[in-house]
Amino acid sequence: MIYVRCPGGGGPVAVGALAARVAEAVLGSRGSGVGAGAGAGGRRTVGAGAVPDVRGARTKARPALADLVAALRGTAGRRPVLLLLDDADAVRTECAGLVQRLLMDVPGVRVLVTCRQALGLGEERVLRLAPLTPDAAVELFLARARDAAPGFRAEGASAAVARICRVLEGVPLAVELAAGQLDTEPSARALADRLEQGQGWLAAPGPALRRHRSLRSAVGAAYLLCERPERAVWSRSSVFEGAFTEPTAAYLCAGAGVAPHQVSTCLAQLAAAGVLEALDEPGGLRPPRYRMTRAARDFGAERLRAAGEFEVAVERHVLHHRRLAEVAEHLWHAGDQRQAARLVRDNAADLTALVEYASRPEAPAAQVTAALATVADLWFWWTVHDHGEEGRAHLARLLPRATADDHLTARARWLAAWLHAPGDPATARALLGQVWPTAVLAGDDALIGWVAHVQGVVAWERGDSRTAAECFRQAAETVPAFAPGGPAPAVSLAALAVAQARTSPGAAGRSARRALSSPGVRDDAWATALARYARAYTDHHQGHTARAWHRAHRALATLDARVPLPGTPDSPDIPSVRASLHRLLADIESPRTPRATVPAPRTDTPMPSRTSSRR
């Protein structure tokens, strides 16, 4: 076995400039020769006799290459030979030529090359190293932490350590550098909090290679190897928090000196270099999506700010996701609710980033308006798909920055009131009081009806079923059919049926049937399921237990067919109505009195206790 070493000894170079030294020596560029001597464990090294010092003229390289070929050929005839070329990225083209020449002249030699991108040779076998698994990352962190801070104890810090490794995405260098900070950070939790804000500051004096002494230098080394168009795509794409597609990247890169047809090649090159992670198989039904590693994203954003292009990229990011929210809302009301939910789910991280960008003190009013409209258009994601807490947090950040008391602000306040209604009815009533004058003055029947619906939810939460029923009736009669931006009249009718079940069973049945026959209800999986839940609940309350049981199961089967369960392809989150149907089935199968629910977003806020009359 031939094992190549650096000059001066010191053991094999794990991540060094070894490939550059070998290529310089055998190809005749300026550089130092490769040292001689016997390697550890009896391994032979390629010494000065085979590759002499070639600091002088380029013409001396040819004899050196011939000597190397002769040395390898003589050794390969006696035993297997493995030549290691480590860290070949900086001289990848030269290494490709060297390997090709060696394989032609010495067929028995095997070459192991470590680099970010494959050499592109026909006989090449590529082994891509994935990031560490969560368990392996934690194990590495703990081992390095004990070296850096001997007094560190993993007991009580396991959650923080797991969070650190998750934020660092299993990158070994980042994990090692982070573990080395425990001698200065007060706790693992404090370190995790700091890493969530950014990773480029991670550094340590220990590694022999300069670019491995900080995470920023390691990422910067990869950046320097990129061509100018690849750097532009890298920098512009750093504003994405989650996955993105090629057309989206092309839209963001407009004006950065990169033609749209170049973006595809740049993304492929960045993915090959490990800067991007390809999330979909090429040639699949869906267009490929890419996700940038956190360290690369931080570095790209830094370069973007240095070039004065950060605000331009953010503006394009906000505009793109504003349009995406409009498309999702149209899909929801057109009946393709699965596609609408999947579109929002695939871009959830960047929708949160949009709110982050708009919440900055320096963000212009146009970005605040776009973010507020985006959150308002995605009302179904917050209310139907159990993301109420997140939606409420977004609105709490954006509403104080809304400068105009216009229709958009009124819609956002209405949505905030709905999200507050289950756990904070006082805030919900205050918000509705601000929405009502705007809706009436504008003559917006849809908004007036939705305000009435939320008032019904508030009344229901305090145990006043009669007031709730009156509010739901007003909402059902006021909201126009197919009105975008909020729940359909069938949703209010379903809630009305539930509210009437105890006091007016006959009217409850009629309201449930009206909900199922409302215009467009068959294209609204959520409204249909709510109406069927209302019929099943009414039947159960009237004593028709078997019929209620069958209705609830049919409603679940239909819902599961139209909105698949978690873990299945194209699956959004569980709609809140599924939980209501399961609770109803549990009540039917037990001797307890049925507990009714009305369409209201679920949040993590503790619910107020209900009166006994509601049980």
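A short reminder: the numbers here are calculations on the coordinates, not readings from a lab. Keep in mind that this is a model prediction, so the values were computed, not measured. Here the Cβ positions follow ideal geometry from the backbone for every residue, glycine too, while neighbour counts run over all protein chains shown.
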Item checked: Packing-based ranking, highest mean first, of 78-85, 150-157, 124-131, 186-193 given that Cβ atoms within 10 Å are counted -> 186-193, 78-85, 150-157, 124-131
Next item on the list: Identify the residues of the stretch 350-379 with backbone N under 19 Å of a label point that sits 7 angstrom from the Cα of Asp405 along the Cα-to-Cβ direction, or state none.
Entry: 369
Next item on the list: Measure off 7 Å from each Cα along the Cα-to-Cβ vector at Glu477 and Ala272, then give the distance between these two points in nanometres to one decimal.
Entry: 6.9
Item checked: Relative intensity, log₁₀ I(q)/I(0), of the stretch 318-358 from a Debye sum that treats every alpha carbon as a point, q = 0.18, 0.30, 0.31 Å⁻¹ -> -0.46, -0.98, -1.01
Checklist line | Spin-label zone in the stretch 169-189 - amide nitrogen under 19 Å from a point set 7 Å from the Cα of Glu356 along the C-beta vector | finding: 169-171
Next item on the list: Obtain the nm distance between the two label points defined at Ala70 and Leu112 by a simple spin-label model: each point lies 7 Å from its Cα along the Cα-to-C-beta direction.
Entry: 2.9
Margin query: Between His330 and Asp105, how high is the FRET efficiency from 1/(1 + (r/R0)^6) when r is the Cβ-Cβ distance and R₀ = 51 Å? Nearest 0.05.
Written below: 0.20
Note to self: Please report the spacing between the Cα centers of the stretch 431-485 and the stretch 137-168 in Å, no decimals.
What the structure shows: 52
Notebook entry, point to check: From the Cα gyration tensor of the stretch 320-418, with a ≥ b ≥ c the square roots of its eigenvalues, which class applies: rounded if a/c is under 1.5, or else prolate if a/b is larger than b/c, or else oblate?
Noted result: prolate
Next item on the list: Please list the non-local residues whose amide H lies under 5 Å from the amide H of Leu85, H modeled 1.01 Å from N, same-chain partners needing a gap of 5 or more.
Entry: Leu112, Val113, Thr114
Next item on the list: Output the Kirkwood hydrodynamic radius of the stretch 188-336, Cα pairs only, in Å rounded to one decimal.
Entry: 16.7
Note to self: Suppose the chain between Arg125 and Ala365 were pulled fully straight at 0.36 nm per residue; how much longer would it get relative to their current alpha carbon spacing?
What the structure shows: 81.0 nm
Item checked: Highest to lowest packing among 458-466, 399-407, 471-479, scored as the average C-beta count within 10 Å -> 471-479, 458-466, 399-407
Item checked: the stretch 385-528 - Rg (one decimal) and Dmax (whole number), Cα, Å -> 15.0, 48
Item checked: Zone residues, the stretch 489-513, relative to Arg466, backbone N less than 16 Å from point 7 Å out along Cα-to-Cβ -> 499-505
Item checked: Per principal axis, descending, Cα span of the stretch 346-399 in whole Å -> 33, 22, 16
Item checked: Gain in span if fully extended, Thr133 to Arg554, counting 0.36 nm per residue against the direct Cα distance -> 147.4 nm
Item checked: For the stretch 212-274, Kirkwood radius (reciprocal of mean inverse C-alpha pair distance, Å) -> 12.1
Next item on the list: For the stretch 291-361 and the stretch 170-203, compute the distance between their C-alpha centroids and round to whole Å.
Entry: 27
